[in-house]
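S.K.: Structure in structure tokens, see below.
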Amino acid sequence: MLKKVFGSAVFGVEATTITVEVNVDSGIGYHLVGLPDNAIKESNYRIAAALQNNGYKIPGKKITINMAPADLRKEGSAYDLTLAIGILAASKQIQAENLEQYIIMGELSLDGSLQPIKGALPIAVKARQEGFKGFILPSQNAKEAAIVDNLEVYGIDNIKQVIDYFDKGEPLEQTIINTREEFYKNLEFPEFDFSDVKGQEGIKRCMEIAAAGGHNIILIGPPGAGKTMLAKRLPSILPPMTLHEALETTKIHSVVGRVKDTGLMAQRPFRSPHHTISDVALVGGGAFPQPGEISLSHNGVLFLDELPEFKRGVLEVLRQPLEDREVTISRAKFTVTYPSSFMLVASMNPSPGGYFNDPDAPVTSSPAEMQRYLSKISGPLLDRIDIHIEVTPVPFEKLSEDRKSETSVEIRKRVTAARDIQTKRFEESDTVHYNAQMNTKQIRKYCVLDDASKQLLKTAMERLNLSARAYDRILKVARTIADLEGEETVNGSHISEAIQYRSLDREGWLG
């Protein structure tokens, strides 16, 4: 007898429906076709034990299973439940007349309990698009899948519940989530706050500008100056996530199984990979492509601490995603694209010894060592970082004073107001939403300079020997400074401040 059960495969951040055809006929054998990986090929052992421990069995007949489309590679253990229900239905051990209305996914333990799966959210989205009535999956993933409306989601703990539902009509408990209510409930304020930072008013100003315009930023300073402390607090002044951003971000984290029990991510991600990370782990990839750290940072912050310590090859692969805000991974038979619109925050010591340009510390690095150290970061990569700022240690008087620093809530209000201006400015664009994303045409349109400002910028370009890309970065930052002040036009003071935020372009740093 032939039965069809439906599962799903995730490629990139999108799902593809998989039709599992199970045919039980006279003879002996177990044949699984349709490009399954080893985890799926081993599923018959898990299925046999799970069925036996719940009063059922794999029939001693010829079982042929095809996973269609047959030319698409399938991976993972999430098809255990799909295959098990198909075998029971095809061997007439259960009556299951409405199997075609459901997507069924789940990894089986030997006692029949269900283990969580990856990619529940994109699978649920695809199930709704293709008109399925419901989605049956492990209870650990139920909240995540229930974010999708107009789809019945049933979270289960054991295969026996699914068997009784199809065979005896015993009801399953539907998981229902009010997506908007869940989103606003999880929209708590971040753990770290700028009120904890003593002094560093100039650096806070830079962080505010970076957050307001979505600009990449690099912090240069000696050990203990507070670079990491400042970076960790950046998400606290970014505008709150929109529901669309939350869904987009949750989808990516769902693919790698990182969504917590809350279901919908409402906090902007902050990722801080170690400098020993490989290029594949950073940008994504592998035999079966998975999102890397830059995609997991989508709509949030990617913090690279001690930037020169990262392998040069790892840093160079960042260049394309920083420009295109997406990562494309190509394989012989398919191509996947992951979104990667993130803010890059990097930090570094000014020299191998850590104390270059510090008048109170001895210089321990030779010019040659300095050059080798700084040359680990290529010019093209630095050009993609809008703001370079030096961080100096906070004097004792500032550390010990009782005066309260400005809170993240207060800074975030100004940042959000500036972002609102940019949202209105770019409302007709599908790809540009804030100043850091502006293309050349938009820079010329929205960053018109008077003669005095042009002359100021020309002088800076000549003295600092800036590239054309650095010229555009200065204009973008100046536009953001103007937005923070509520100014419609960019003037000389905005340009002057923006030029100050190109520390690594100044003489004495890179040659």
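The values are calculated or read from the model by the stated rules, or taken from the named source; none is laboratory data. Everything quoted here is computed from the prediction, not taken from an experiment. All Cβ positions, even for glycine, are placed from backbone atoms using ideal geometry, and neighbour counts span all protein chains on display. These area figures cover heavy atoms from the full protein model, side chains too; ligands, DNA and RNA do not enter into them. Shrake-Rupley method; radii C 1.70, N 1.55, O 1.52, S 1.80 Å.
S.K.: Looking at Ala211 and the list (1) open to solvent by less than 10 Å² (accessible area, probe 1.4 Å); (2) at pLDDT below 85, which single condition is not satisfied?
M.R.: In the conditions (1) open to solvent by less than 10 Å² (accessible area, probe 1.4 Å); (2) at pLDDT below 85, Ala211 misses (2) alone.
S.K.: Sort through Leu464, Leu374, Leu457, Leu449 and tell me the only one that's surrounded by 12 or more Cβ atoms within 10 Å (Cβ to Cβ), at pLDDT below 90 and over 28 Å from Met229 (Cα atoms).
M.R.: Leu464
S.K.: Could you tell me which residue of the stretch 232-273 is least open to solvent (accessible area, probe 1.4 Å), considering only residues that are among the charged types (D, E, K, R) and touching a Ser or Thr at 6+ places or on another chain (Cβ under 7 Å)?
M.R.: Arg233
S.K.: Could you check the stretch 304-328 and list, in sequence order, the residues that are in a loop (DSSP other than H, G, I, E, B), charged (D, E, K, R) and farther than 19 Å from Ser347 by Cβ?
M.R.: Arg325, the sole residue that qualifies.
S.K.: Additional query: All but one of (1) open to solvent by 20 Å² or more (accessible area, probe 1.4 Å); (2) out of contact with any Asp or Glu (no Cβ under 9 Å at 6 or more places or on another chain); (3) closer than 28 Å to Arg331 by Cβ hold for Arg73; which doesn't?
M.R.: (2)
S.K.: Sort out which residues of the stretch 115-136 are part of a helix (DSSP H, G or I) and either open to solvent by less than 10 Å² (accessible area, probe 1.4 Å) or out of contact with any Lys or Arg (no Cβ under 8 Å at 6 or more places or on another chain) (or both), and write them in order of number.
M.R.: Ala120, Leu121, Pro122, Ile123, Ala124, Lys126, Ala127, Arg128, Gln129
S.K.: Can I ask one more? Conditions first: (1) at pLDDT 90 or above; (2) open to solvent by less than 40 Å² (accessible area, probe 1.4 Å); (3) of a type in the set (S, T, N, Q). Gln200 passes all but one, so which condition is the exception?
M.R.: (1)
S.K.: Among (1) under 30 Å from Gly224 (Cβ atoms); (2) open to solvent by 40 Å² or more (accessible area, probe 1.4 Å), there is one condition Leu282 misses while meeting the rest; what is its number?
M.R.: (2)
S.K.: How many of the residues making up the stretch 329-339 are assigned to a strand (DSSP E or B) and either open to solvent by 80 Å² or more (accessible area, probe 1.4 Å) or of a type in the set (D, E, K, R) (or both)?
M.R.: So the count comes out to 1.
S.K.: Taking the stated definitions as given, is Ala96 in a loop (DSSP other than H, G, I, E, B) and open to solvent by less than 40 Å² (accessible area, probe 1.4 Å)?
M.R.: Yes: the conditions hold for Ala96.
S.K.: Okay, next question. Which condition number does Asp149 fail, the rest of (1) open to solvent by less than 30 Å² (accessible area, probe 1.4 Å); (2) at pLDDT below 95 being met?
M.R.: It is condition (1) that Asp149 fails.
S.K.: Separate question: Restricting attention to the stretch 397-424, which residues are at pLDDT 90 or above, open to solvent by 50 Å² or more (accessible area, probe 1.4 Å) and among the basic types (Lys, Arg)?
M.R.: Answer for the stretch 397-424, where residues must be at pLDDT 90 or above, open to solvent by 50 Å² or more (accessible area, probe 1.4 Å) and among the basic types (Lys, Arg): Lys413, Arg414, Lys424.
S.K.: Could I ask something else about it? For the structure I just gave you, tell me whether Thr82 is surrounded by fewer than 20 Cβ atoms within 10 Å (Cβ to Cβ), β-branched (Val, Ile, Thr) and at pLDDT 95 or above.
M.R.: Answer is no for this residue.
S.K.: State whether the residues of the stretch 41-54 include one that is closer than 30 Å to Glu248 by Cα and at pLDDT 95 or above.
M.R.: No, because not a single residue in the stretch 41-54 is closer than 30 Å to Glu248 by Cα and at pLDDT 95 or above.
S.K.: Kindly provide the set of residues from the stretch 437-446 that are surrounded by 15 or more Cβ atoms within 10 Å (Cβ to Cβ) and not hydrophobic (A, V, I, L, M, F, W, C), ordered by number.
M.R.: Gln437, Gln442, Tyr446
S.K.: Could you list, in sequence order, the residues of the stretch 17-36 that are surrounded by fewer than 19 Cβ atoms within 10 Å (Cβ to Cβ), under 31 Å from the mean Cα position of the chain (by Cα) and at pLDDT 95 or above?
M.R.: Thr17, Thr19
S.K.: If a residue has to be among the charged types (D, E, K, R) and open to solvent by less than 30 Å² (accessible area, probe 1.4 Å) to count, how many in the stretch 37-53 make the cut?
M.R.: Of the residues in that region, 1 qualify.
S.K.: Residues of the stretch 388-430 being under 30 Å from Leu466 (Cα atoms) and without any contact (Cβ under 8 Å) to a residue 40 or more places away in the chain, which ones?
M.R.: Thr423, Arg425, Phe426, Ser429
S.K.: In the set Val24, Val10, which member is in a strand (DSSP E or B) and farther than 30 Å from Ala287 by Cα?
M.R.: Within the list Val24, Val10, the selection yields Val24.
S.K.: Please name all residue pairs, on different chains or six or more residues apart, with Cβ atoms under 8 Å, provided the first residue is in the stretch 213-237 and is touching a residue at least 24 places away in the same chain (Cβ under 8 Å) and the second residue is surrounded by 24 or more Cβ atoms within 10 Å (Cβ to Cβ) and of a type in the set (Asp, Glu).
M.R.: Every condition considered, the pairs that remain are Gly213/Asp386; Gly213/Asp483; His215/Asp386; Asn216/Asp386; Ile217/Asp386.
Quick grid of which residues meet (1) touching a residue at least 60 places away in the same chain (Cβ under 8 Å); (2) aliphatic (A, V, I, L, M); (3) closer than 20 Å to Leu32 by Cβ:
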residue: Asn98; (1), (2), (3): yes, no, no
residue: Ser113; (1), (2), (3): no, no, no
residue: Ile156; (1), (2), (3): no, yes, no
residue: Val162; (1), (2), (3): yes, yes, no
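S.K.: Name every residue in the stretch 365-395 that is hydrophobic (A, V, I, L, M, F, W, C) and not in a helix (DSSP H, G or I), in order of residue number.
M.R.: Passing the criteria: Ile377, Ile385, Ile387, Ile389, Val391, Val394.
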